1. Of the heavy-atom accessible surface of region 424-576 (probe 1.4 angstrom), what whole percent is carbon and sulfur?
2. Once amide H atoms are placed 1.01 Å from N in the peptide plane, what residues at a sequence separation of 5 or more from Gly463, or on another chain, have their amide H within under 5 Å of its amide H?
3. May I ask you to evaluate 6.51 cos²θ - 1.76 cosθ + 1.60, the Karplus curve with θ = phi - 60°, for each residue of region 504-518 and list the ³J(HN,Hα) values in order in whole Hz, giving x for glycine and proline?
4. How much solvent-accessible surface does Thr108 expose, in Å² to the nearest 10, with a 1.4 Å probe and all protein chains in place?
5. Of Lys349/Lys370; Lys352/Lys422; Lys370/Lys549; Lys370/Lys532; Lys446/Lys549, which pairs sit farther than 25 Å apart, going by alpha carbon to alpha carbon?
6. Would you please name the trypsin sites (Lys or Arg not before Pro) within region 221-310 that are DSSP coil residues with at most 14 other C-beta atoms within 10 Å of their C-beta?
7. Projecting each Cα onto the charge dipole of the chain (Lys/Arg +1, Asp/Glu -1 at the beta carbon, about the Cα centre), which of Gly314, Ile432, His287 comes out farthest on the positive side?
8. Which whole-Hz ³J(HN,Hα) couplings does region 230-236 yield from phi under the Karplus relation 6.51 cos²θ - 1.76 cosθ + 1.60, θ = phi - 60°, glycine and proline marked x?
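The values are calculated or read from the model by the stated rules, or taken from the named source; none is laboratory data. Remember, it's a predicted structure, so these values are computed and weren't measured experimentally. Note that each Cβ is placed from the backbone with ideal geometry, even for glycine, and that neighbours are counted across all protein chains shown. The accessibility values were calculated without ligands, DNA or RNA, using every heavy atom of the protein model including side chains. Shrake-Rupley method; radii C 1.70, N 1.55, O 1.52, S 1.80 Å.
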Amino acid sequence: MTPLPKLSIRLKATLSALLAVSLGILVAGWLALRSLEQLELARLEATLIVRTELAAYSLKPKLSPGSPLPPMQGERESLHRAASEIARHALARVTVIALDGTVLADSTIPATADASKLENHRSRPEVIQALSDGRGRHVRKSDTTGVNTSYFALRIDGPSGAAVAVIRLGLPLTTLESRIGDLQHIAVVARRIAGGALGERVASPSRDEVGMLAESINQMADQLESKIQQVSEDRAQLLAMLSSMVEGVMVLDCQGRLLRMNPAAERMFGLRSGSLSGEKIDRVIRHQEFADLVRQVLASREQGGGEITMGPSGITLRIEASVTDCQRDDEACAVFVFHDITALRRLEKVRKDFVANVSHELRTPLTSIKGYVEALLDGALSNPAQAEPFLQIISRQADRLNLIIEDLLQLSQIESGQVHFKHEPVDLNGLIERSLAMIKPIADKKRHLVTLALPPDLPPIRGDEERLGQVLTNLLDNAVKYTPEGGRIEISGRQIGESGSGQVELCVADSGVGIPPADRPRVFERFYRVDKARSRELGGTGLGLSIVKHIVEGHRGTVWVEGNDPFGSRFIIRLPIAIPSNATSQPLPQA
Ligand code: ADP
């Protein structure tokens, strides 16, 4: 699963709110648009009717009743003047139309022009309606002005009740159209904001209701933008925190479905990053004790905890579970935090084993000493033939106790960093010769053939000569010990890589009893022996290889054991080559 693939609940809530608000804006925008359009039209029409009635009132005296023909030149001019005057005050186009549709006067044409030359208006819908019903109205694009216009026509009747003419006023819809345009713009912007373009704003058009609506939308968008930014920042911080945590974190809903898991938890459970969200946790992690813990926490809604060990990996996890006060089934209900305590438990085991081993190792010679001392006290002391071998055994066991304690002390000193390794160039030929000289008497006694295969140009290594001597002595001592009489022991060396960055590899090989492959990595543990009885019989403490490993690693080196061909063991050490120019300037890490 991706680190945190699902949207946080808070973000989800915000986005739902945003969606709802956006939908609201759209619906409200549409409704506002429609109602404003209707309102404006009604308002315009009312104004238009009043103005037309006023115009009719003032133009009526200028119209000769029953005259179907265009008026005379003088009358026409006077009618035109009056129409233009009314048009100026009424902010509308004023047209006077004869019953046959001839235009008698029109405020939009110059005074000098002949209105009767204008297109016959008989077929205009508002004129037809006015002639038949007394009043007529129509909204369309004017042929004369080219502007969308709302027309209102009023039939003028003479004293006899017969129609005289039709007075028509036309109000251009430019204001209304610009307001509707503004609203449409608002609707478009609102739609974009709803679509996620939170930076969009309405260019505030006017100071009227439309302007106020635009202002409100802008304010709301500002708030949404800042809220979303805040939520996004919170989310980013939360994700960063969760992703960088060493502890595993897992969030479940009330049904035990996985809502979220951080990368540490994925690693602990060996899960690939992928979308496991929404899966039941017992399908994702198949572990009985964990499943029981989840069930118990979800059922009791109380915090809990425990410790589990994962199957093949052997990882030990301490779990702390806390619950939230969730309301819904799909909300975060329980948070599980996992601490990897594998190393801690392993250390505890090593410590316990060590204490048990030390007690055992010390008790064996002590029991022996005590037994022989009691035998001496019981009378053997007065029998010199018995007393002497008993005393020799006591002395040997005391030596052994001493040896174990010395090795233990040395190990604990290296481990606690009290031993400071020197870092000087060490000539390996000299070092190996001195170590060989120490074990030669016992090797000779067992008639071993010891050979040395070192290239003459082997570079010096960097380290502590005395400690490295101890490493070689321990390895050679073991080779002699664990090889039956008349065996072969070979010491070889070679350079690996360039001097400066390279290493020297030393190998102590024997034709002895060998070490089974399964025991090989463990022989470097304290007190680990392949054959306990044989080791004790040969005077071993079980600490020699542990000391070797500590010293080698303290020199930034490595040590391991392989099987020798056809039998026996090969202990291999790699140590860094000394850098000639500043050989003593680089301190070595302390074990
Ligand atoms: P010990 O004092 O018992 O020799 P070490 O730590 O030196 O303790 O070695 C641990 C164990 O590793 C030994 O008990 C022995 O079983 C095995 N071992 C070490 N070196 C050899 C070797 N050269 N051949 C066979 N077994 C070995």
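1. Values: 3590 of 7060 Å².
The computed percentage sits at 51.
2. The answer is Glu424, Val426.
3. 10, 10, 10, 9, 10, 10, 9, 10, x, 6, x, 10, x, x, 5
4. Probe radius 1.4 Å; accessible area of Thr108 about 60 Å².
5. Working: Lys349/Lys370 31 Å; Lys352/Lys422 33 Å; Lys370/Lys549 34 Å; Lys370/Lys532 22 Å; Lys446/Lys549 27 Å.
Going by Cα-Cα distance, Lys349/Lys370; Lys352/Lys422; Lys370/Lys549; Lys446/Lys549 fall outside the 25 Å limit.
6. Values: sites: Lys227, Arg235, Arg257, Arg260, Arg267, Arg272, Lys280, Arg283, Arg286, Arg295, Arg301; in loops: Arg272, Arg286, Arg301.
Passing sites in region 221-310 are Arg272, Arg286, Arg301.
7. Highest projection toward the positive end goes to His287.
8. My calculation for region 230-236 gives 4, 5, 5, 5, 4, 5, 4 Hz in order.
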